[in-house]
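Here's the structure, in structure tokens; my notes come after.
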Amino acid sequence: MGKKKKSEDFPGAAYGFTHPVSTLLRAGRGFSLQDADPGAKPGFGGGKSDGRKALTAADEHLDDLQERLYAQARSGDDPARVLLILQAMDTAGKGGIIRHVIGTVDPQGVELHGFKAPTAAEKRHDFLWRVERRLPGAGMIGVFDRSHYEDVLIGRVRQLAGADELERRYGAIRDFEQRIADEGTRIIKVMLHISPEEQYERLSERLDRPDKHWKFNPGDIDERLEWDAYMQAYQKAIRETDAGHAPWYVVPANRKWYARVAVQHLLIEALAGIDPQWPAADFDVETQRRRLEDARHVG
């Protein structure tokens, strides 16, 4: 029989999680979005202050893994890279994830792109054309603030595409994600799951505070009125495109602190799974040490 896995064998155990976050939040076979609680904090027993401490405590861990991934690729040893896809209803916290999680690593190892409505030029191509151009390079963490999933979410809710075209797009997404996974991309697909009540509070705050007015978009209310349709569209997209090489994670987002620490640990687990290594020196270290000593007193 195999050795029983201990709790400390997964990265999050040292930071307060009872189980790997990738296990706790995976939207696998039979997943029901309707049954997912946006206010929950699966696997984390502490409160807000504990979550904030855990987030800060794991910053160095994430930073170390990201730097090793970057260094490994610069040496040409491995094509591995990570693609984090963030999807959510408005106000769910994508920006906070980018600032408080992605913002803690070296920016030269991150490629961030926000997908807005397609331009006229982009509309002349298939919907995946613009996504292909933004895929992360080897050794990079790519972050999509919205993504190709907009084409099956808004496309479905706003009836911008017919049923046959939507089915084609699901198939195209499956093929696309299989291909880039085969090429070395570790895919993390996150839906930040917020309740309509919490979204109402956050939109209200944006209207109440002059320093938040720049964040408010009147169109957010139009999208809110289609809440049930969007939840159905998310359920369909998750069911059609969840796969072992491209898993969906539904992250409860009513508590901003929990969503941030959960996504942080999804990244840590993915990078730990890649296990990037520091590249060996391509020069003789002792020779260069002697040369440096000889050059010690210049200037």
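Of all accessible surface on the range 182-299 at a 1.4 Å probe, what whole percent is carbon and sulfur?
Values: 3140 of 6460 Å².
C and S atoms contribute 49 percent here.
Provide the per residue accessible area, probe 1.4 Å, for the range 50-128, rounded to a whole number of square angstrom.
Each residue of the range 50-128 exposes 48 Å² on average to a 1.4 Å probe.
For Cα pairs less than 8 Å apart in space and 6+ apart in sequence, what is the mean separation divided by the residue count of the chain, i.e. the relative contact order in percent?
31 percent
In degrees between 0 and 90, to the nearest 10, how far off the longest principal axis of the chain does helix 196-208 point, with axes built from Cα atoms?
80 degrees
Nothing charged except the Cβ atoms of Lys and Arg (+1) and of Asp and Glu (-1): what's the magnitude of the dipole of the chain about its Cα centre? Round to the nearest 20 debye.
320 debye
Can you give the Rg/Rh ratio of the range 1-137, where Rg is from the C-alpha atoms and Rh is the Kirkwood radius?
1.00
So what are the radius of gyration and Dmax for the Cα set of the range 209-294, in Å?
Cα radius of gyration and Dmax of the range 209-294 are 23.9, 72 Å respectively.
Give me the angle, in degrees from 0 to 90, between the Cα long axis of helix 59-74 and the longest principal axis of the Cα atoms of the chain, rounded to the nearest 10.
That works out to roughly 70 degrees.
Could you sort out which of Lys189/Lys215; Lys53/Lys236; Lys53/Lys94; Lys212/Lys236 sit more than 29 Å apart by Cα distance in this structure? Mind showing how you got there, number by number?
Values: Lys189/Lys215 24 Å; Lys53/Lys236 36 Å; Lys53/Lys94 20 Å; Lys212/Lys236 33 Å.
Cα-Cα > 29 Å for Lys53/Lys236; Lys212/Lys236; rest within.
In the set (i) 19.5; (ii) 21.0; (iii) 22.0, which value of mean projected area of the Cα convex hull in nm² was calculated from the structure you see?
Answer by label: (iii).
For all pairs of alpha-carbon atoms in the range 153-203, what percent lies in each bin of width 5 Å, listed from the first bin to the last filled one?
5, 15, 14, 15, 18, 15, 12, 5, 1
At a threshold of 8 angstrom on Cα-Cα distance, excluding pairs fewer than six apart, so keeping six or more, what relative contact order does the range 24-182 reach in percent?
That works out to 25 percent.
Hey, what do the phi angles of the range 141-155 turn into as Karplus ³J(HN,Hα) couplings, whole Hz, using 6.51/-1.76/1.60 and θ = phi - 60°, x for Gly and Pro?
Each residue of the range 141-155 in turn: 9, x, 10, 9, 8, 6, 6, 4, 6, 4, 6, 10, 9, 4, x Hz.
The values are calculated or read from the model by the stated rules, or taken from the named source; none is laboratory data. Since we're looking at a predicted model, the values are computed, not measured. Cβ: placed from backbone, ideal geometry, glycine included. Neighbour counts: every protein chain shown. Calculation scope for accessible area: heavy atoms of the full protein, side chains included, ligands and nucleic acids excluded. Shrake-Rupley method; radii C 1.70, N 1.55, O 1.52, S 1.80 Å.
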